[in-house]
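Enquirer: Shown below is the structure under consideration.
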Amino acid sequence: MVMHTVIVRSAMTKHVSADDSQLVENLLSQLRQAKGLSRVELAAQAGITRQAVHAIETNQYLPTTAVALRLAQALGCRVEDLFRLLPQEEIVEGEWFTAAAPLHVLQSPTRVKVARVGARFIVRPVAELGEVMNYAVPADGFALPNAHSSQRSQHSSRHVQVRLLRNRRVIEQEIAVAGCDPSVFLAGDYLRRQKEDCTVVGWTLGSAAAIDALKRGEVHVAGVHVVDAQSGESNLPYLRRHLKGNEYLIITFAVWEEGLLVAPGNPKSIRGVEDLVRADISLINREAGAGARLLLDQQLASAGIAPGTILGYDQIGRSHFQVARTIAEGHADAAVGVRAAANLFGLGFLPLQRARYDFVVPKAHLKDHPGIEAFLNVLVSRSFRSEIDALGGYDMSETGTVRDLRGH
């Protein structure tokens, strides 16, 4: 153990401070992988330990001049191809996410996430991740106020300047996923174990809004769960109406149960949507276009119930967890949601249907984003599927199945 520590320290300088790591663009991992070398193989060729390669690649240490020269020689490149000084402050111009709060409300630097989707940077406030994630997810930068003009066109007025807080190359590894399944954050943690610089940011949007964001090129992946009222088929009928061409990959994540969420023990004896018209029952609904909202509307139409007769139909929760929390706190009596949310908050659950949750990915992103393929591989990994199974409410037996968008 002592020998191991001495070898690692002899290959490197002192521990890198947070400020130092922001000044150096570290390309060692990318160039090593491009050469098809493992860390063990590179370490052997450079005469250092695998642990030293790991520490350098993850910005825990900066290499000494001698080690940097040996790494460059082993990879057949120059030292400056591996390590480059960055400007102390980098500003990029991005486009404000369409569904975000209006850009003109910025009065001070705002914490934002930045995703590179194709050739564009898409910017969205960290606060829109929700009250918990706002404090758990680090910002990529600050959106600068007064960086746009009210005299510009509607399109250019969406442009905003962002002062980056993180290495730009790390930011470009982020995968933006729109949808309403919260387990995407867990998938992101599994992804980081495989690709240390690659992260997943999940934006909570209903199915329709997620697909719209994907079509606008504002996210890499969209999650959807919409059951066709006529055929009973999940997602594909909806996607065929809203996506043109055959340039999308449709991959199943899970099948989950959707139904009525009610208070623990179901104290108001709710048996189905027919009971929602009762004067003593208050609903918490999802936004228009969300899969749960579409299911509710289908159920009400089948029962001949007008939405306007239901107390709370216009009370909106922006996620499965938010509506479940609202019921758990006693602010509503019922909602349409998924069993996983009911399980988490200890609620009663009255099943209505099983629905498939699919991810939609433009095929172009498999080529222009190095992390998308790794993200899809995480979804089908045994360890990730086992953990999702343990959450309850998910059926992972169809995970990874590729669907034919244009087939009938």
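The values are calculated or read from the model by the stated rules, or taken from the named source; none is laboratory data. All values reported here derive from a predicted model rather than from experimental measurement. For neighbour counting, all protein chains shown are included, and Cβ atoms are generated from backbone atoms with ideal geometry for every residue, glycine included.
Enquirer: So which residues in the range 65-107 are among the small types (Gly, Ala, Ser), at pLDDT 90 or above and either surrounded by fewer than 16 Cβ atoms within 10 Å (Cβ to Cβ) or within 31 Å of the chain's Cα centre (by Cα) (or both)?
Expert: 66, 76, 94
Enquirer: Name the residue that is nearest to residue 274 (Cα to Cα), counting only residues in the range 308-324 that are in a helix (DSSP H, G or I) and in contact with a helix residue (DSSP H, G or I) (Cβ under 6 Å, 6 or more places away or on another chain). Steps first, please.
Expert: Step one: filter the range 308-324 for residues in a helix (DSSP H, G or I), giving 308-309, 320-324.
Pick out the ones that are also in contact with a helix residue (DSSP H, G or I) (Cβ under 6 Å, 6 or more places away or on another chain) and you get 309, 320-321, 324.
Numbers: 309: 11, 320: 22, 321: 24, 324: 20 Å.
Across the range 308-324, the extreme among qualifying residues is 309.
Enquirer: So if I check each of 312, 304, which one is under 33 Å from the mean Cα position of the chain (by Cα) and either in the same structural domain as residue 397 (by TED's automatic domain parsing) or on the phi > 0 side of the Ramachandran plot (or both)? Write out each step before concluding.
Expert: Values: 304 fails: under 33 Å from the mean Cα position of the chain (by Cα).
From the options 312, 304, the qualifying one is 312.
Enquirer: Pairs needed: first member in the range 368-391, without any contact (Cβ under 8 Å) to a residue 40 or more places away in the chain; second member anywhere, surrounded by fewer than 21 Cβ atoms within 10 Å (Cβ to Cβ) and β-branched (Val, Ile, Thr); C-beta distance under 8 Å; at least 6 residues apart or different chains.
Expert: If the second residue must be surrounded by fewer than 21 Cβ atoms within 10 Å (Cβ to Cβ) and β-branched (Val, Ile, Thr), the pairs left are 380/399; 385/399.
Enquirer: List the residue pairs whose Cβ atoms are under 9 Å apart, where the first residue sits in the range 119-130 and is over 20 Å from residue 215 (Cβ atoms), the second is among the basic types (Lys, Arg), and the two are 6 or more positions apart or on different chains.
Expert: Every condition considered, the pairs that remain are 125/111; 125/113; 126/111; 126/113; 127/111; 129/113; 130/318.
Enquirer: Moving on. Condition first: surrounded by fewer than 16 Cβ atoms within 10 Å (Cβ to Cβ) and under 21 Å from residue 214 (Cβ atoms). Now tell me which residues in the range 109-118 satisfy that. Write out each step before concluding.
Expert: Applying the first criterion (surrounded by fewer than 16 Cβ atoms within 10 Å (Cβ to Cβ)) to the range 109-118 yields 109, 118.
Residue satisfying the conditions is 118 alone.
Enquirer: Now a separate question. Under the condition of being closer than 20 Å to residue 170 by Cα and of a type in the set (A, V, I, L, M, F, W, C), which residue from the range 43-64 is modelled with the lowest pLDDT? Quick ask: steps written out before the conclusion?
Expert: Going residue by residue through the range 43-64, those that are closer than 20 Å to residue 170 by Cα are 53-63.
Still in the running and of a type in the set (A, V, I, L, M, F, W, C): 53, 55-56, 62.
Working: 53: 93, 55: 89, 56: 91, 62: 84.
Filtering the range 43-64 for residues that are closer than 20 Å to residue 170 by Cα and of a type in the set (A, V, I, L, M, F, W, C), the one modelled with the lowest pLDDT comes out as 62.
Enquirer: Among the residues of the range 345-356, is there at least one that is assigned to a loop (DSSP other than H, G, I, E, B), touching a residue at least 24 places away in the same chain (Cβ under 8 Å) and aromatic (Phe, Trp, Tyr)?
Expert: No, there is no match, as no residue in the range 345-356 is assigned to a loop (DSSP other than H, G, I, E, B), touching a residue at least 24 places away in the same chain (Cβ under 8 Å) and aromatic (Phe, Trp, Tyr).
Enquirer: I've got another one for you. Please find, within the range 215-235, the residue that is surrounded by the most Cβ atoms within 10 Å (Cβ to Cβ) out of those that are modelled with pLDDT of 95 or more and of a type in the set (A, V, I, L, M).
Expert: It comes out as 219.
Enquirer: So, restricting to strands (runs of 3 or more DSSP E) that lie completely within the range 66-137, which ones have at least 2 residues that are within 30 Å of residue 361 (Cα to Cα)? Quick ask: steps written out before the conclusion?
Expert: Working: elements: 83-85, 91-96, 110-117, 120-125.
Result: 91-96, 110-117, 120-125.
Here is a yes/no grid of residues against (1) at pLDDT below 95; (2) in contact with an Asp or Glu (Cβ under 6 Å, 6 or more places away or on another chain); (3) over 30 Å from residue 264 (Cβ atoms); (4) surrounded by 22 or more Cβ atoms within 10 Å (Cβ to Cβ):
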site: 341; (1), (2), (3), (4): yes, no, no, yes
site: 346; (1), (2), (3), (4): no, no, no, no
site: 354; (1), (2), (3), (4): yes, yes, no, no
site: 361; (1), (2), (3), (4): no, no, yes, yes
site: 374; (1), (2), (3), (4): yes, no, yes, no
site: 377; (1), (2), (3), (4): yes, no, yes, no
site: 386; (1), (2), (3), (4): yes, no, no, no
site: 389; (1), (2), (3), (4): yes, no, no, no
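Enquirer: Going by what's in this entry, would residue 181 be described as under 24 Å from residue 375 (Cα atoms), among the charged types (D, E, K, R) and either surrounded by 17 or more Cβ atoms within 10 Å (Cβ to Cβ) or in the same structural domain as residue 303 (by TED's automatic domain parsing) (or both)?
Expert: Numbers: under 24 Å from residue 375 (Cα atoms): yes; among the charged types (D, E, K, R): yes; either surrounded by 17 or more Cβ atoms within 10 Å (Cβ to Cβ) or in the same structural domain as residue 303 (by TED's automatic domain parsing) (or both): yes.
Answer is yes for this residue.
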